[in-house]
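Have a look at the structure below before the remarks.
The values are calculated or read from the model by the stated rules, or taken from the named source; none is laboratory data. This is a predicted model, so every value here is computed, not measured. With ideal geometry, Cβ positions are generated from the backbone for all residues, glycine too; neighbour counts draw on all protein chains shown. Note: areas computed on protein heavy atoms with side chains; ligands, DNA, RNA excluded. Shrake-Rupley method; radii C 1.70, N 1.55, O 1.52, S 1.80 Å.
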Amino acid sequence: MRTTRLGFAGLAALALAAPATAEEFIHGSWFGVNHSVNTQGLEPYFDLLREESGGEIDWNLVPGAQLASGPGTPEAVSSGLMDAGIAVAPYQPRMLPNTNFVFSHSLPGDDALAATGAMNETVMLGCPGCQQEYRDNNAVGFGGYSTTPYNFMCRDMVDSVDDLAGKKVRASGGGVTITEIAGATPVSMSPAEATTALERGTLDCVLGAVSWLRSYGYQDVVESVVDSPMGMGGPPILMFVNRDTWESMTPEMRALHIEHAPDLVAGAAYDGQVSYDAGIIEAAKEQGVTFVEGGEDFAQVMATHDQNQRAGNLEDAAAAGASGAEEVLDYYIAAYERWQGLLDERGRDRDAFRSLLWDEVYSKVDPDAL
């Protein structure tokens, strides 16, 4: 079923169908209060929903892991402790093995918009197991995004792969294998926890997006950033919604959430990542962080990883109980290539990106069948 834009008639129906008093929904974001995903993605999305529903959809964003940590979010949502949160599958691979399989495949290059489009398309339309595991966890999931390409960000000077030998690196998803190929030791922890670990020297580097320099304060504790793309992974699911909460909404309320999902994704990925990075890099340089151009040795790490990751990821997916992994992976890779072409054809500005997210993904999602 294809959903359609609500327009005035739909909004009128929403007003008639909704309860007289708006119910406040709680979204527990474990990202810090000033994290770009909160400020550029979730908050504007909730404002849109509130405005277009006449106040009947009223989300209250509670940031900073006040309600649940990253690893604790899926269970907190499933149990009804909060109505929604941000689910990152590598933190709970047993609960979310299918989404974790998608997350674990590192996309090559630096086309974060194409990566985000492919991630949303795959999870929403090309991965039945992803949707089923959300149901199995009493949840509904949508609104994923990709960060810009990951880089090694280190507390000491690193300008070659040899410098990474033996270092402890915060990594997740496909970044774990990339770190191992580079000769470093991957460490599992949230990006927020990594700030203190870098400061204390219990962690040497983070493999993550440069936006994290500001989001998690890494610019205060790192000396070098290797400017070489080390894969793109995801998606964090921004709207991991308790199923009872979702089903308590009217059909019109659910439809509004899906209609504006492209706005949420564009805010998080375009406003909060792609157009955000240049200013962050400039500010970090002014603060004394050195950006080192990665050489052929870093390119070789990624080439080795890309050559080997398919077999390893499929093996891990089978062990974790993911369903139809090979078909999902083929869909994902083809979607990434197709999205690169779509963006080249339609344009890479925000409006074109948002329009493509609607046309290629969310117009094809039935909010009542999630």
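At a glance:
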{"quantity": "Selected residue [in contact with a helix residue (DSSP H, G or I) (Cβ under 7 Å, 6 or more places away or on another chain) and under 21 Å from E23 (Cβ atoms)] from G54, G41, G70", "calculated": "G54"}
{"quantity": "The one condition in (1) in contact with an Asp or Glu (Cβ under 8 Å, 6 or more places away or on another chain); (2) open to solvent by less than 20 Å² (accessible area, probe 1.4 Å); (3) of a type outside the set (D, E, K, R) that F291 fails to fulfil", "calculated": "(2)"}
{"quantity": "Selection status of D204, surrounded by fewer than 21 Cβ atoms within 10 Å (Cβ to Cβ) and either at negative phi or not β-branched (V, I, T) (or both)", "calculated": "no"}
{"quantity": "Contacts under 7 angstrom Cβ, first residue in the range 126-141 being over 25 Å from I333 (Cα atoms), partner outside any helix (DSSP H, G or I), 6 or more apart", "calculated": "N137/M95; N138/N242; A139/F240; A139/V241; A139/N242"}
{"quantity": "Residues located in the range 317-336, provided they are within 19 Å of the chain's Cα centre (by Cα) and open to solvent by 20 Å² or more (accessible area, probe 1.4 Å)", "calculated": "Y331, I333"}
{"quantity": "Answer residue from the range 225-241, given it is open to solvent by 10 Å² or more (accessible area, probe 1.4 Å) and under 22 Å from M124 (Cβ atoms) and is modelled with the lowest pLDDT among those", "calculated": "G233"}
{"quantity": "Positions within the range 134-172 being out of contact with any Cys (no Cβ under 6 Å at 6 or more places or on another chain), of a type in the set (D, E, K, R) and open to solvent by 10 Å² or more (accessible area, probe 1.4 Å), in sequence order", "calculated": "R135, D136, R155, D156, D159, D162, D163, K168"}
{"quantity": "Residues being within 20 Å of V210 (Cβ to Cβ), part of a loop (DSSP other than H, G, I, E, B) and either touching a Pro at 6+ places or on another chain (Cβ under 9 Å) or at pLDDT 95 or above (or both) - total across the range 132-160", "calculated": "11"}
{"quantity": "The range 242-260, subset within 18 Å of G28 (Cα to Cα) and not β-branched (V, I, T), residue most open to solvent (accessible area, probe 1.4 Å)", "calculated": "D244"}
{"quantity": "Some residue of the range 339-362 being assigned to a loop (DSSP other than H, G, I, E, B), of a type in the set (D, E, K, R), out of contact with any Pro (no Cβ under 7 Å at 6 or more places or on another chain) and modelled with pLDDT of 95 or more", "calculated": "yes"}
{"quantity": "Flag if D368 is part of a loop (DSSP other than H, G, I, E, B), open to solvent by 40 Å² or more (accessible area, probe 1.4 Å) and among the acidic types (D, E)", "calculated": "yes"}
{"quantity": "Residue satisfying condition, being open to solvent by less than 20 Å² (accessible area, probe 1.4 Å) and either in contact (Cβ under 8 Å) with a residue 40 or more places away in the chain or of a type outside the set (A, V, I, L, M, F, W, C) (or both), within set A184, A197, A209", "calculated": "A209"}
{"quantity": "All positions within the range 161-187 that are outside any helix (DSSP H, G or I) and under 19 Å from S146 (Cα atoms)", "calculated": "R170, A171, S172, G173, G174"}
